[in-house]
Amino acid sequence: MSPVRRKLNNRLQWKFDPPLFLAAAKTAFVTSGAELRRDSESHMKLLIFMMTLLLSGCVVYPINKTLQPEAEILVTDVEGKPIHDAWLYLISSSYLYGFEQMRRGDKTSDRGEASFPEMKEWRTESLMIHGSNVFLWNWCVVKAGFETHMTMWSSGNDFQPQYDVILTPGESTPCPEEPNKIGRGL
């Protein structure tokens with residue numbers, strides 16, 4: 001038994017002795033070259049395992065996704081008069097898959113305005129080769145006696161959260177109800 005251990009075993013009191021503590025720590029952490037090699041090999045194996053997990057897409061992380069941005073819309077006719085009671089739809093789609101995720105509808109006020117609150121959600125994603133789930137948003141405006149207005153943006157960066165629409169007289173058609181692939185219309 002080493003002198004340090006003998007001294008530790010002989011102490012019956014629980015008083016902290018800094019020099020004795022440092023001597024015990026030095027004894028405990030001194031290793032032979034073989035133990036050091038074995039230790040570095042296990043660290044290398046752990047590093048290779050972690051890199052494999054990272055590159056294989058098994059790493060899951062939390063992210064706060066914007067499902068719907070805060071948005072305002074103003075609907076007027078060609079003369080600049082506000083159009084009230086027009087149906088507005090803010091359509092949230094996502095790609096990689098390109099399907100509609102949700103649709104929020106509202107009617108314009110007497111001033112031709114409507115607003116939509118921001119909606120966020122905590123989700124988990126993983127690092128994959130094909131990327132993560134990215135959201136994009138489009139507008140659809142319907143009013144009887146006016147042509148239906150639809151945007152066809154293919155990126156969330158194209159979306160205009162403060163959007164002005166000028167409706168022209170014509171035949172209105174309803175906004176599509178089923179989820180569609182991006183590029184085929186909304």
**Report entry** In Hz, Karplus ³J(HN,Hα) per residue of segment 100-115 (6.51, -1.76, 1.60; θ = phi - 60°; x = Gly, Pro)
**Finding:** 5, 9, 7, 9, 10, x, 7, 10, 6, 7, 4, 8, x, 10, 7, 9
Query raised in the report: What FRET efficiency do you get for SER132 and PHE99 if R0 is 22 Å and r is their Cβ-Cβ distance, rounded to the nearest 0.05?
Result: 0.90
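Can you work out the FRET efficiency for the pair LYS81 and THR124, with r the C-beta to C-beta distance and R0 = 35 Å, to the nearest 0.05? Mind showing how you got there, number by number?
On the way: r = 48 Å, r/R0 = 1.37.
It comes out at approximately 0.15.
How much length would be gained if the chain were fully extended between SER115 and SER154, taking 0.36 nm per residue of separation minus their Cα-Cα distance, in nm to one decimal?
Numbers: separation 39, 0.36 × 39 = 14.04 nm, distance 2.18 nm.
Difference between extended and current length: 11.9 nm.
Read-outs: derived from the displayed coordinates by stated rules, not from any lab. Since the model is a prediction, treat every value here as computed from it, not as a measurement. Cβ atoms come from the backbone with ideal geometry, glycine included; neighbour counts cover every protein chain shown.
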